[in-house]
Amino acid sequence: MPYRRKFLTRAGYTTLSALLTMGFLQKDKQREDQSTNSIAANNPIKNVNSPLRQLAAAKGKRYGTAIDGDFLRKEKDYADLIARECSIATPNGELKWAGTEPEPGKFTFESADAIANFCQKHNMTMHGHTLFWHLSKPDWVPYPPTLKMLERHVNGVMGHYRKSPVLKSWDIANEIIADTPDGTDNRYGLRRGVKPELIRDLFLIAAEVDRNKKFCLNDFGIEGATWKSDHYLKMVEYLKNNGVKLDWAGLQSHLWFSKNYPFDEKGFSSVLKRLKDLEVKPVITELDIIIDTPFPDSIEKLDKMIADSYKRFLELCFAGGVDTVITWGITDRHTWIRYPQWMPQKYKDNPEFQKFLRPLPFDENLKPKLARKAIAQAFQ
Ligand code: XIL
């Protein structure tokens, strides 16, 4: 276990580096506060129509979206909207393994850098997504990859952004918890074949390459008391107990509510509470909301239900220590959930249902929906 060993030899420096880090953190915070205050000073009158990034900043928070580089290049209205509303962005696919290391050891950053440049131009930070995911990897990479492959990949990708002025955080691992109990062969609920030690070593490698970023463990289906959230929390605890740098818990929050599956408010709050006890900051990394059966009899009613869900969800988030909210896209025009390979089966079977897939704050024509207002109000 080479990384384990390296970590142990570093343990002696922990106290010194903790003290140094505290000093840096304080300076960082001061800088954030100053920029937040100057935004507030420049915009004394803020209402729900003010840019979400300003409403968020006034409360020391951030709002952002996933960005698709192709649309960013081709659709000016989309780019302008993101620049107006967002203070943080996550590349949709440009930083995934298939995007950065399509062939062994051959790295390419053109499309991810284009998004980083956009972020820099508009004074936004960028969230790095992701170094490790079972989907969206090139065919030559097995799942799980070997430690050697991981080491080269993490060095190549994190190394490229070590000095980036915008990239401040990484989803070190994405969706490592199995979807159901039969998808795992270990007590942490990790996908079959993935050992907890491999994930630990991945984080330790990442810390060797660039420990100045926030490190995130990102997953979905953990926004309530479920088998999955239970195992996710166990894994967080395991990582923390094994000397891993873990700053953020990424709650993707692809939410799907219906009469039979209402929002588990109590369960969600208890997950946030557990994270607080584990000293890991919850971050909402991929929020979008679908409401289904029984469908209401009008789109207006549906939009209202979606907006109410945004509001309630975000209220609990903010009460539970969340300060960064990223939606997975900003307009229903591009939502991933309308693409056939990701669309839930019942919508594929019934194309007339597809008009009910309106999970994001802006509609197809980039007009603000009630969900946008709900996000604004929640920040306020
Ligand atoms: C999705 C993208 O939006 C799609 O365009 C792509 O084809 C597949 O991935 N969870 C994640 C994201 O962590 O990376 C996924 O993004 C959505 C689900």
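The values are calculated or read from the model by the stated rules, or taken from the named source; none is laboratory data. Small disclaimer: the values here were computed from a predicted structure and weren't measured. FYI the Cβ positions are ideal-geometry reconstructions off the backbone, even for glycines, and counts take in every protein chain you see. The accessibility values were calculated without ligands, DNA or RNA, using every heavy atom of the protein model including side chains. Shrake-Rupley method; radii C 1.70, N 1.55, O 1.52, S 1.80 Å.
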Work out the length of the dipole vector of the chain about its Cα centre, built from +1 on the beta-carbon of each Lys and Arg and -1 on the beta-carbon of each Asp and Glu, and round it to the nearest 20 debye. 1040
Between Thr146 and Lys245, what is the label-point separation in nm under the 7 Å Cα-to-beta-carbon projection? 2.7
Which one of Ala98, Ala319, Ala178 has the biggest mean-square fluctuation once the chain is modelled by GNM with Cα springs under 10 Å? Ala319
Can you pull the percent of the stretch 246-367's accessible area that's carbon plus sulfur, 1.4 Å probe, other chains left in place? 54
C-alpha center-to-center spacing [the stretch 80-120, the stretch 334-368] in angstrom: 24
How high is the relative contact order of the chain? Use alpha-carbon pairs under 8 Å, at least six apart in sequence, and give a whole percent. 14
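Can you tell me the accessible area per residue over the chain, all protein chains present, probe 1.4 angstrom, in square angstrom? Don't skip to the answer; put the middle values down first.
On the way: 17650 Å² over 380 residues.
With all protein chains present, the chain gives 46 Å² per residue.
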Between Phe318 and Asn212, with labels modelled 7 Å along Cα→Cβ, what's the label distance in nm to one decimal, could you check? 3.3
Less than 16 Å apart at the alpha-carbon level, and either on another chain or at least 8 residues along: which aspartates and glutamates does that give for Lys355? Asp288, Asp292, Asp297, Glu300, Asp303, Asp332, Asp363, Glu364
Would you grab the residues whose amide H sits under 5 Å from the one on Thr327? Only those 5+ places off in sequence or on another chain, please, with H modelled 1.01 Å from N. Gly64, Thr65, Ala66, Leu287
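Could you list the chymotrypsin sites (Phe, Trp or Tyr not before Pro) in the stretch 56-136 that lie in coil according to DSSP, counting only those with at most 14 other Cβ atoms within 10 Å of their Cβ? Intermediate results must be reported in sequence, preceding the final value.
On the way: sites: Tyr63, Phe71, Tyr78, Trp97, Phe107, Phe109, Phe118, Phe132, Trp133; in loops: Phe107, Phe109, Phe132, Trp133.
Loop-located and lightly packed - none at all.
What shape does the stretch 57-177 take by its C-alpha gyration tensor, where a ≥ b ≥ c are the square roots of the eigenvalues and a/c under 1.5 counts as rounded, a/b above b/c as prolate, and the rest as oblate? Walk me through the numbers before you get to the answer.
Details: a/c = 2.06, a/b = 1.78, b/c = 1.16.
Here the stretch 57-177 falls in the prolate category.
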Select from Asp277, Asp201, Asp179 the residue whose mean-square fluctuation is largest in a Gaussian network model of the chain (Cα-Cα springs shorter than 10 Å). Asp277
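State, as an integer percentage, the relative contact order of the stretch 134-214 based on alpha-carbon contacts under 8 Å between residues 6 or more apart.
On the way: 66 pairs, mean separation 28.7, N = 81.
Normalised by residue count, the contact order of the stretch 134-214 is 35 percent.
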Potential extension, Lys367-Asp113 segment - 0.36 nm per residue separation minus Cα distance: 88.6 nm
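Taking 0.36 nm per intervening residue step and subtracting the Cα-Cα distance, what contour gain separates Glu75 from Lys234 on full extension? Don't jump to the answer; show the numbers that get you there.
Details: separation 159, 0.36 × 159 = 57.24 nm, distance 4.28 nm.
Full-extension gain reported as 53.0 nm.
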Here, Thr180 and Gln120, labelled 7 Å along Cα→Cβ, have an inter-label distance in nm of 4.7
Pairs of lysines 8 or more apart, or on different chains, with alpha carbons under 21 Å: count those in the stretch 115-246, would you? 25
Taking the chain as a Gaussian network, where each spring joins two C-alpha atoms under 10 Å apart, which residue of Ser258, Ser87, Ser111 fluctuates the most? Ser258
